[in-house]
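Colleague: One structure follows; several queries about it will come next.
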Amino acid sequence: MERVRLDTDVLVIGGGTAGCFCALTVAEHSSFEVLIAEKAFVKRSGCLAAGVNAINAYIGKGETEASFVDYVKKDSEGIVREDLVFSIAKGLNRVTRKIESLGLTILKDEKGEYVGRGKRSIKINGENIKPILAEAVTSKERISILERVQIVDYILANDEVIGAIGFSLADNKLYEIFAKAVVCATGGAAGIYKPNNPQFSRHKMWYSPFNTGAGYGMGIRAGAEMTGFEMRFIALRCKDTIAPTGTIAQGVKAEQVNSKGEAYVSKYGKATTYMRLYATVRENMEGRGPCYLKTVGVTEDQEKELFKAYLNMAPAQALKWAENHTGPSSENVEIEGTEPYIVGGHTASGYWIDNNRKTTLKGLYAAGDVAGGSPKKYVTGCFVEGEIAAQSIIREIQNKEISDIHLDEKDVAYIHKFYSNKEGSYTYEEIEEAMQKVMDEYAGGISQGYGYSSDKLKIASKRIDELIELSDSLSANDSNDLGKIWDVIDRLFVAKVLIQHLEARKETRWRCYQENKDYPDKDDNHFLKYVNSIYKEGKVNVFYRELIGRDDIYEHKY
Amino acid sequence: MERVRLDTDVLVIGGGTAGCFCALTVAEHSSFEVLIAEKAFVKRSGCLAAGVNAINAYIGKGETEASFVDYVKKDSEGIVREDLVFSIAKGLNRVTRKIESLGLTILKDEKGEYVGRGKRSIKINGENIKPILAEAVTSKERISILERVQIVDYILANDEVIGAIGFSLADNKLYEIFAKAVVCATGGAAGIYKPNNPQFSRHKMWYSPFNTGAGYGMGIRAGAEMTGFEMRFIALRCKDTIAPTGTIAQGVKAEQVNSKGEAYVSKYGKATTYMRLYATVRENMEGRGPCYLKTVGVTEDQEKELFKAYLNMAPAQALKWAENHTGPSSENVEIEGTEPYIVGGHTASGYWIDNNRKTTLKGLYAAGDVAGGSPKKYVTGCFVEGEIAAQSIIREIQNKEISDIHLDEKDVAYIHKFYSNKEGSYTYEEIEEAMQKVMDEYAGGISQGYGYSSDKLKIASKRIDELIELSDSLSANDSNDLGKIWDVIDRLFVAKVLIQHLEARKETRWRCYQENKDYPDKDDNHFLKYVNSIYKEGKVNVFYRELIGRDDIYEHKY
Amino acid sequence: MFFIESLLEGMIFMSISINKDKCVSCGRCFSVCPGNLISGDRDGKADIKCPRDCWGCTGCIKECPTGAIEFYLGLDIGGNGGHLEVCDYKEFLQWKLVDRCGEVKVVRTYKEDANRY
Amino acid sequence: MFFIESLLEGMIFMSISINKDKCVSCGRCFSVCPGNLISGDRDGKADIKCPRDCWGCTGCIKECPTGAIEFYLGLDIGGNGGHLEVCDYKEFLQWKLVDRCGEVKVVRTYKEDANRY
Ligand SMILES: Cc1cc2c(cc1C)N(S(=O)(=O)O)[C@H]1C(=O)NC(=O)N=C1N2C[C@H](O)[C@H](O)[C@H](O)COP(=O)(O)OP(=O)(O)OC[C@H]1O[C@@H](n2cnc3c(N)ncnc32)[C@H](O)[C@@H]1O
Ligand SMILES: Cc1cc2c(cc1C)N(S(=O)(=O)O)[C@H]1C(=O)NC(=O)N=C1N2C[C@H](O)[C@H](O)[C@H](O)COP(=O)(O)OP(=O)(O)OC[C@H]1O[C@@H](n2cnc3c(N)ncnc32)[C@H](O)[C@@H]1O
Ligand SMILES: Nc1ncnc2c1ncn2[C@@H]1O[C@H](COP(=O)(O)O)[C@@H](O)[C@H]1O
Ligand SMILES: Nc1ncnc2c1ncn2[C@@H]1O[C@H](COP(=O)(O)O)[C@@H](O)[C@H]1O
Ligand SMILES: Nc1ncnc2c1ncn2[C@@H]1O[C@H](COP(=O)(O)O)[C@@H](O)[C@H]1O
Ligand code: SF4
Ligand code: SF4
Ligand code: SF4
Ligand code: SF4
Ligand code: NA
């Protein structure tokens, strides 16, 4: 491979929601050069590709920053980094105005105020949110964008992250990028578990199938501390299309009903996000499925608007209605739970960061879905984290130099050695399917009603290690293969850490998200704690940390 | 396509266990010509391809024909055709001696008596049972074998079956075969439900993936009466390899234990075949999985013998042990339930036949897994049925002529029209996966713990009809495609009938096999009855029939 | 075997389907897919190597100036032979939802209009 | 896309794998598969069009006079890089169970010997 060295002030890995906003903030508030390294194309990369349905994190009328933190804490059964959530709450409305100023359509009432959809959500046309963001970064002179480059690992020197390595998916180049600060903004991880539709439509999932947990993977391998992997996110979605349901649930206030027409959620307890899911899973198991969002009876006009809303974020759902000559007014919308994702933007999995979005590795920052500790950040929370990281970096790198270390071919050979591996028995596709199956069956996937036990995790753990070993002998013919091989390696590392986190939480805190069959109850006496881990030499070392309050000042010491 | 007409005395569709034995009997006891039309190659076609592990239906020492019927009736909760089971019981030991005389190795003790494995099972080397049988039919002059010919439909005249149509999978021929009697011996149906391993190893199932329910399909379309489709068969098998478990359970008397080491089956009730499965499913659901056959501690010698036994019928299991450096002496064998199959050799689904193995269509006989009413027939029961059908045919066709009717091109065009269909949006592979998914989710597949409800069946029913409609526009490029298209059409017809049978049994008679969540209990007052159906013009007409006793003489009237 | 042939011969799959007759090799759709799935074939026409890898975001379709790309729902997720087209007219997106018989439902989503839900 | 390339370039899959260098085009394995999956390629060498359709019965392997066919367990069902070979010596079948490092376990199953279980 042709080796290319690039130097920049700030390297942003992942040109998605958080990454773009971070780059933009650096460019607008300093004179530093920023390089965004993006696996695909910023115009539609990441979670925002098809559009989103609302700004789901916003301090609406009657709400305060503090009440937002209270809500997130309660919905998450106490295991949140209140300091982080609070810092996000403080920025939500500011970044909302910013994205509006860049061109996002937001619904306003006669008085010019944003129109709420529920307490903490506002109505937008989110179809083009990513093109708008992409246009903003592209037009900044000090931001360079390197597309079709998949970053694989950090470059470390003296326990400090001084850059990252990746390769081009378009040609035969290997990039060694050095920077004064590195921001990881690669999103969360889909495809760890067997998905809802594992056959032809295997990628018809809720979370982006192209967010493979690369940022987690490189962090784990580099020894970064991770938190909350066991708080998996499992979404309640429209069956088959896996389109979001909030639009309907909040938009037309549709209730969840079972096949008998009974509203069932309240039977199970308070309607937290995970309880709405758990209740649905249980109703099904007990033979009262399918469960639905009760839409029959919405007006023709409401149906029309629902079609539009879905076209603007999950067009498959609109097509499904249309080609089957039905729609929400005449047919309730069946719902189901997705496979578990690891995603710090909805739940709490990710890098253990401080309030400046510094990770435990000096020089490395994390923002967005890849950063842990603060659930329910959604799009705007990711923006805020990108912004906070940017501001911190601007302060920190004023007097910093780019490292002049050079890598040897032997330092990078492990990345492209797959080209020289002989064609073997198995392929990355088989390894990925095997991983998804073992996680599904032995680490609480859909087929298990999301439950797991210590005995099953042991089997999963052994198998994931075998697959990691087998992945080492995969063979690549072109850069596309190489990309897919690294995708599966990253996913395997996420799986490996996840299993140990699931094992460590010897209670059941969030039904479905983390349902430990050996310990079916919540145990506040022992587990009002974060489960954290650091990977070292093949081993995941798990430990617990005490909760951090909303006004605590938590800073990493290096 | 080149149209070829063939005339024969007896047409046997399917050169498997029952078909070969039937042909052999006709050839040995009459001077009639027999033609076997086989989709693959008789040497290893059908269920017996890899070998079988024992003769599982045999009247052992201390047992009688009557006690055999008692056992089958009890294990099947009363819904059996005692007359049919009794007639099978009477032939079991005779056909066993016959297959031994053809070359099958059967274990004998010092006194020359067969060695039992359980009460109704004897020990064999079943690896080459199919080559032995194939050799016997091949060497008979009056038996012709047409291989690589997939039969698609019967030829009917005046409500009588006078032959069958099919096409070559090797070249461009369409066969129109006329006969005095037609025997359907195509086996049962796998691949109706999403299998245990739906990805790379999708065909690594217990039942033969190449038995696609063709005989059911053609019978249904021709208006034959079917019985007991709702008594699905779900096997308890070695996890992943889906290898049989009887070898271990009966062979080394291994108990079923859960992950805590507890023997759990007896907790759930009497250990019928389906209860051993149900108990396993339940233990898993409740978090006490995985479940195992407790083999740890078997001697080195026993392990050696288990390796051999598996190589002789399910070599994948032996490979799995060996390449993972383990074996039953050091590791318990994990077990799981398979996807539901429709198979009259283990449960009771199939043609509604009389004691002569006549179906309700004049001129058509059924034998083996495709024939309904008599569970637990296994290999030897299939032999007996082939024999009974042969004897009946020999009696019946003495004065019969082969029809001189000729078909027009327009009568057969619907079979190969798929060559002229324009390439459309979907493929047979997608239709098959869609069918398997809908059956899994809405008609009590693995993902539902095998339970179903009326509401879900309605969804399944609608979708199967849509898929049948879509299958009509599939497009074929070669005979391989055409074969696969007919495979999926046959499966869809099986699914369609199955759904109505499941709906009709408004009770739960056999946990897992038929688990109606709307009616969770057995209801002897209303459902000690057969559920039967006749398909006509797109509709499955279901009705109930009273039980038939073991000495009743049930004969079809045409 | 079907899978192979269909890929080689351009049969339509779930996810997107590219009509090579309509494609003018402009390359716009190559540079927008979040999965980096589309590239040029020998003639520079758009080609999706593994249709099963498509997320269904419709990003590529919105880019195409000639309407060469359509989106299909997989049969495993309720597809029924219909498809979706979308054309970007700057102020609005025009969506065509087509059933298997060709019946079309047209929906315009104006960019200035927020979702009501 | 991997699936395609591997089929075209002869990469090994779960199920059987045919070593074309060892295959002498005798055609014996063509006429034994219960799924009718094997036929001759342009050179008359054995070819399995859709390896995922294999049941794993090992019938074809038992036929092969040159040991050109091996059986692999899919990774999704616990395969680990090992494979199985079997050769029919009339009175017995000789099985080789090979792990991924090449370690071999040989088992002979004599046709005259019944299973003990
Ligand atoms: C997937 C998804 C998410 C949402 C929704 C619907 C759907 C279908 N809905 S609702 O349903 O919740 O309602 C949204 C909604 O309506 N409202 C809302 O506020 N949030 C929604 N989310 C949540 C937010 O969208 C989400 O939290 C943020 O967008 C996440 O932002 P970020 O953490 O920056 O992830 P990203 O996907 O945008 O960007 C990641 C980028 O990294 C790239 N990448 C990944 N690996 C890389 C590597 N190795 N090298 C280089 N680049 C590498 C990616 O390509 C990408 O560009
Ligand atoms: C699948 C299977 C089954 C068994 C076992 C292990 C396995 C892995 N085990 S244990 O696990 O239970 O233990 C066995 C065992 O050890 N002992 C035992 O007695 N029975 C076992 N069975 C049960 C019996 O084997 C089974 O009941 C009979 O063999 C069934 O005989 P039959 O009903 O004749 O089916 P077949 O598969 O042999 O033959 C069907 C033939 O039809 C062909 N065919 C199908 N469609 C056709 C079409 N359209 N046109 C032309 N031909 C077309 C097929 O190719 C085939 O040749
Ligand atoms: N049934 C519901 N009731 C209240 N809020 C909901 C419901 N479903 C989703 N939401 C909220 O709507 C937003 C978007 O949800 P979703 O579309 O499911 O990602 C999130 O803030 C959810 O918490
Ligand atoms: N756990 C068990 N206990 C007693 N009999 C069994 C058990 N498992 C299987 N069998 C019987 O063994 C024979 C073959 O079973 P299988 O190998 O599971 O198809 C059948 O007659 C089964 O009923
Ligand atoms: N061939 C067999 N198949 C299935 N179960 C069997 C078999 N033989 C014995 N059993 C089981 O062993 C126990 C004793 O059987 P019996 O006394 O024959 O009814 C019962 O629970 C049976 O289900
Ligand atoms: S619809 Fe989206 S994911 Fe699919 S090919 Fe087009 S751009 Fe890529
Ligand atoms: S955008 Fe349309 S015309 Fe341009 S390359 Fe893609 S498919 Fe072809
Ligand atoms: S192992 Fe059996 S099913 Fe597989 S290709 Fe060989 S003969 Fe066919
Ligand atoms: S039996 Fe062996 S040598 Fe003969 S064609 Fe098959 S693979 Fe080749
Ligand atoms: Na939700």
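Colleague: Among the residues of region A:338-381 satisfying the criterion of being in a loop (DSSP other than H, G, I, E, B) and aliphatic (A, V, I, L, M), which is surrounded by the fewest Cβ atoms within 10 Å (Cβ to Cβ)? Break it down stepwise before answering.
Modeller: Taking region A:338-381 and keeping what is in a loop (DSSP other than H, G, I, E, B), we get A:338-340, A:343-349, A:352-357, A:359-361, A:363, A:367, A:372-377.
Subsequent filtering for residues that are aliphatic (A, V, I, L, M) retains A:343, A:348, A:353, A:361, A:367.
On the way: A:VAL343: 28, A:ALA348: 32, A:ILE353: 31, A:LEU361: 23, A:ALA367: 34.
Among them, the one singled out is A:LEU361.
Colleague: Let me ask something additional. Specify the residue that is farthest from ligand 8 (Cβ to nearest atom); the eligible residues are those in region B:255-280 that are aliphatic (A, V, I, L, M) and surrounded by 23 or more Cβ atoms within 10 Å (Cβ to Cβ). Full working, then the answer.
Modeller: Restricting attention to region B:255-280, the residues satisfying the condition of being aliphatic (A, V, I, L, M) are B:257, B:263, B:265, B:271, B:275, B:277, B:279.
Those left that are additionally surrounded by 23 or more Cβ atoms within 10 Å (Cβ to Cβ): B:277, B:279.
On the way: B:LEU277: 26, B:ALA279: 32 Å.
Filtering first and then ranking leaves B:ALA279.
Colleague: Which one of the conditions (1) over 24 Å from B:ILE55 (Cβ atoms); (2) part of a helix (DSSP H, G or I); (3) hydroxyl-bearing (Ser, Thr, Tyr) does B:SER329 fail to meet, given that it meets all the rest?
Modeller: (2)
Colleague: Need pairs with beta-carbon distance below 6 Å; first residue under 19 Å from A:GLY78 (Cβ atoms) and within region A:527-542, second in a strand (DSSP E or B); sequence gap 6+ or separate chains.
Modeller: Short answer, once both residue conditions are applied: A:LYS529/A:TYR544; A:TYR530/A:THR227; A:TYR530/A:ARG545; A:ASN532/A:THR227; A:ASN532/A:PHE543; A:ASN532/A:ARG545.
Colleague: Now for a separate question. From the list A:GLU283, A:GLU262, A:GLU230, A:GLU255, exactly one residue is among the acidic types (Asp, Glu) and over 30 Å from B:ASN516 (Cα atoms). Which is it? Talk me through it step by step, then tell me what you get.
Modeller: Numbers: A:GLU283 fails: over 30 Å from B:ASN516 (Cα atoms); A:GLU262 fails: over 30 Å from B:ASN516 (Cα atoms); A:GLU255 fails: over 30 Å from B:ASN516 (Cα atoms).
Only one candidate passes the filter, namely A:GLU230.
Colleague: Could you tell me whether any residue of region A:460-471 is surrounded by fewer than 24 Cβ atoms within 10 Å (Cβ to Cβ) and in contact with a Pro (Cβ under 6 Å, 6 or more places away or on another chain)?
Modeller: No, region A:460-471 contains no residue that is surrounded by fewer than 24 Cβ atoms within 10 Å (Cβ to Cβ) and in contact with a Pro (Cβ under 6 Å, 6 or more places away or on another chain).
Colleague: Tell me, which residue of region C:55-83 that is part of a strand (DSSP E or B) and closer than 20 Å to A:TRP206 by Cβ is nearest to ligand 6 (Cβ to nearest atom)?
Modeller: Going through region C:55-83, the residues part of a strand (DSSP E or B) turn out to be C:69-72, C:83.
Next cut, closer than 20 Å to A:TRP206 by Cβ only: C:71-72.
Numbers: C:PHE71: 6, C:TYR72: 11 Å.
Ranking the qualifying residues of region C:55-83, first place goes to C:PHE71.
Colleague: Any residue that is hydroxyl-bearing (Ser, Thr, Tyr) and under 25 Å from A:ALA249 (Cα atoms) - is there at least one of those in region A:38-55? Spell out how you get there, then give the answer.
Modeller: Taking region A:38-55 and keeping what is hydroxyl-bearing (Ser, Thr, Tyr), we get A:45.
Then drop every residue that is not under 25 Å from A:ALA249 (Cα atoms), which leaves none.
Within region A:38-55, none of the residues are hydroxyl-bearing (Ser, Thr, Tyr) and under 25 Å from A:ALA249 (Cα atoms).
Colleague: What number of residues within region A:429-487 satisfy the criterion of being more than 10 Å from chain D (Cβ to nearest Cβ), of a type in the set (D, E, K, R) and under 22 Å from the mean Cα position of the chain (by Cα)?
Modeller: Of the residues in that region, 2 qualify.
Colleague: Among the residues of region A:221-240 satisfying the criterion of being among the aliphatic types (A, V, I, L, M) and within 20 Å of A:GLN317 (Cβ to Cβ), which is nearest to ligand 4 (Cβ to nearest atom)? Give the derivation first.
Modeller: So in region A:221-240, the residues among the aliphatic types (A, V, I, L, M) come out as A:222, A:224, A:226, A:231, A:234-236.
Now drop any that are not within 20 Å of A:GLN317 (Cβ to Cβ), which leaves A:234-236.
On the way: A:ILE234: 35, A:ALA235: 39, A:LEU236: 39 Å.
Taking the candidates together, the pick is A:ILE234.
Colleague: Let me ask something additional. D:LYS111 - would you say it is modelled with pLDDT of 95 or more and surrounded by 16 or more Cβ atoms within 10 Å (Cβ to Cβ)? Spell out the reasoning first.
Modeller: Numbers: modelled with pLDDT of 95 or more: yes; surrounded by 16 or more Cβ atoms within 10 Å (Cβ to Cβ): yes.
Criteria met by D:LYS111.
Colleague: Look at C:VAL86 and say whether it is more than 16 Å from ligand 7 (Cβ to nearest atom) and either more than 7 Å from chain A (Cβ to nearest Cβ) or assigned to a loop (DSSP other than H, G, I, E, B) (or both). So that I can check it myself, show each step before the final result.
Modeller: On the way: more than 16 Å from ligand 7 (Cβ to nearest atom): no; either more than 7 Å from chain A (Cβ to nearest Cβ) or assigned to a loop (DSSP other than H, G, I, E, B) (or both): yes.
Against the criterion (more than 16 Å from ligand 7 (Cβ to nearest atom) and either more than 7 Å from chain A (Cβ to nearest Cβ) or assigned to a loop (DSSP other than H, G, I, E, B) (or both)), C:VAL86 does not qualify.
Colleague: Within the bounds of region A:43-57, is there any residue that is in a loop (DSSP other than H, G, I, E, B), over 18 Å from the mean Cα position of the chain (by Cα) and assigned by TED's automatic domain parsing to the domain that holds A:GLN391? Before the answer, list the steps.
Modeller: Applying the first criterion (in a loop (DSSP other than H, G, I, E, B)) to region A:43-57 yields A:43-45, A:49-51, A:56-57.
Subsequent filtering for residues that are over 18 Å from the mean Cα position of the chain (by Cα) retains A:43.
Add one more test, that the residue is assigned by TED's automatic domain parsing to the domain that holds A:GLN391, and what stays is A:43.
Yes: one or more hits.
Colleague: Do we find that A:ILE13 is over 24 Å from A:ILE248 (Cβ atoms), among the β-branched types (Val, Ile, Thr), crowded, with 23+ Cβ neighbours inside 10 Å and touching a Ser or Thr at 6+ places or on another chain (Cβ under 7 Å) in this structure? Break it down stepwise before answering.
Modeller: Values: over 24 Å from A:ILE248 (Cβ atoms): yes; among the β-branched types (Val, Ile, Thr): yes; crowded, with 23+ Cβ neighbours inside 10 Å: yes; touching a Ser or Thr at 6+ places or on another chain (Cβ under 7 Å): yes.
Taking the combined requirement at face value, the residue satisfies it.
Colleague: Could you list all residues from region D:93-117 that are closer than 27 Å to B:GLY116 by Cβ and among the acidic types (Asp, Glu)?
Modeller: Those that are closer than 27 Å to B:GLY116 by Cβ and among the acidic types (Asp, Glu): D:GLU112, D:ASP113.
Colleague: Filter region A:235-283 down to residues that are more than 16 Å from ligand 1 (Cβ to nearest atom), in contact (Cβ under 8 Å) with a residue 24 or more places away in the chain and among the polar types (S, T, N, Q) and give me whichever is farthest from the other protein chains (Cβ to nearest Cβ).
Modeller: Residue satisfying both the conditions and the ranking: A:GLN256.
Colleague: Among (1) part of a helix (DSSP H, G or I); (2) of a type outside the set (D, E, K, R); (3) within 30 Å of the chain's Cα centre (by Cα), where does A:ALA322 come up short?
Modeller: Checking A:ALA322 against (1) part of a helix (DSSP H, G or I); (2) of a type outside the set (D, E, K, R); (3) within 30 Å of the chain's Cα centre (by Cα), the one that fails is (3).
Colleague: Let me ask another. Scan B:ALA316, B:ALA389 and give me the residue that is within 14 Å of another protein chain (Cβ to nearest Cβ), surrounded by 22 or more Cβ atoms within 10 Å (Cβ to Cβ) and outside any loop (DSSP other than H, G, I, E, B). Steps first, please.
Modeller: Details: B:ALA389 fails: within 14 Å of another protein chain (Cβ to nearest Cβ).
Only one candidate qualifies: B:ALA316.
Colleague: Residues that are β-branched (Val, Ile, Thr): list the strands (runs of 3 or more DSSP E) wholly contained in region A:117-200 that include at least 3 such residues.
Modeller: Result: A:149-157, A:160-168, A:173-184.
Colleague: How do the pairs read when you match residues in region A:413-433 that are at positive phi with residues anywhere that are at pLDDT 95 or above and hydrophobic (A, V, I, L, M, F, W, C), using Cβ under 6 Å and keeping only pairs 6 or more apart or on different chains?
Modeller: Within 6 Å, no pair qualifies.
Colleague: Conditions first: (1) in the same structural domain as A:ALA390 (by TED's automatic domain parsing); (2) farther than 25 Å from A:GLY126 by Cβ. A:HIS325 passes all but one, so which condition is the exception?
Modeller: Answer for A:HIS325: the failing condition is (1).
Colleague: Continuing with the same structure: Going by the conditions given, is B:ARG276 touching a Leu at 6+ places or on another chain (Cβ under 6 Å) and basic (Lys, Arg)?
Modeller: Yes: the conditions hold for B:ARG276.
Conditions (1) under 20 Å from B:TRP321 (Cα atoms); (2) touching a residue at least 40 places away in the same chain (Cβ under 8 Å), marked per residue:
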{"site": "D:ARG52", "(1), (2)": "no, no"}
{"site": "D:ILE69", "(1), (2)": "no, yes"}
{"site": "D:LYS96", "(1), (2)": "yes, no"}
{"site": "D:LYS105", "(1), (2)": "yes, no"}
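Colleague: In a strand (DSSP E or B) and away from ligand 4 (no atom under 16 Å from the Cβ): which single residue out of C:SER25, C:SER17 fits that description?
Modeller: Numbers: C:SER25 fails: in a strand (DSSP E or B).
None of the other options fit; the residue is C:SER17.
Colleague: Please determine, by comparing only the residues of region B:109-130 that are among the charged types (D, E, K, R) and at the interface with chain D (Cβ under 8 Å from one of its Cβ atoms), which one is surrounded by the most Cβ atoms within 10 Å (Cβ to Cβ).
Modeller: In the first step, residues of region B:109-130 are kept if they are among the charged types (D, E, K, R); the result is B:109-111, B:113, B:117, B:119-120, B:123, B:127, B:130.
In the following step, the residues that additionally are at the interface with chain D (Cβ under 8 Å from one of its Cβ atoms) were identified as B:117, B:123, B:127.
Working: B:ARG117: 25, B:LYS123: 24, B:GLU127: 27.
Per the stated criteria, the residue is B:GLU127.
Colleague: Could you go through region B:138-153 and let me know if any residue there is assigned by TED's automatic domain parsing to the domain that holds B:VAL10, within 23 Å of the chain's Cα centre (by Cα), within 20 Å of B:TYR414 (Cβ to Cβ) and of a type outside the set (A, V, I, L, M, F, W, C). Working first, answer last.
Modeller: Start the filter on region B:138-153 by keeping residues that are assigned by TED's automatic domain parsing to the domain that holds B:VAL10, which leaves B:138-153.
Those left that are additionally within 23 Å of the chain's Cα centre (by Cα): B:145-153.
Subsequent filtering for residues that are within 20 Å of B:TYR414 (Cβ to Cβ) retains B:149-153.
Cutting the leftovers down to of a type outside the set (A, V, I, L, M, F, W, C) gives us B:150, B:153.
Yes: one or more hits.
Colleague: On to the next question. Only one residue in A:LYS61, A:LYS43, A:LYS73, A:LYS90 is within 14 Å of another protein chain (Cβ to nearest Cβ) and either surrounded by fewer than 24 Cβ atoms within 10 Å (Cβ to Cβ) or within 16 Å of ligand 7 (Cβ to nearest atom) (or both), so which one is that?
Modeller: On the way: A:LYS61 fails: within 14 Å of another protein chain (Cβ to nearest Cβ); A:LYS73 fails: within 14 Å of another protein chain (Cβ to nearest Cβ); A:LYS90 fails: within 14 Å of another protein chain (Cβ to nearest Cβ).
Of the residues listed, the single one that is within 14 Å of another protein chain (Cβ to nearest Cβ) and either surrounded by fewer than 24 Cβ atoms within 10 Å (Cβ to Cβ) or within 16 Å of ligand 7 (Cβ to nearest atom) (or both) is A:LYS43.
Colleague: Would you call A:THR338 away from chain C (no Cβ under 11 Å), in contact (Cβ under 8 Å) with a residue 60 or more places away in the chain and of a type in the set (S, T, N, Q)?
Modeller: Numbers: away from chain C (no Cβ under 11 Å): yes; in contact (Cβ under 8 Å) with a residue 60 or more places away in the chain: yes; of a type in the set (S, T, N, Q): yes.
Considered against the rule, which asks whether it is away from chain C (no Cβ under 11 Å), in contact (Cβ under 8 Å) with a residue 60 or more places away in the chain and of a type in the set (S, T, N, Q), A:THR338 comes out as yes.
The values are calculated or read from the model by the stated rules, or taken from the named source; none is laboratory data. For clarity, every value in this text was computed on a predicted model and none was experimentally measured. Every residue, glycine as well, gets a Cβ built from its backbone with ideal geometry; the counts of neighbours run over all protein chains shown.
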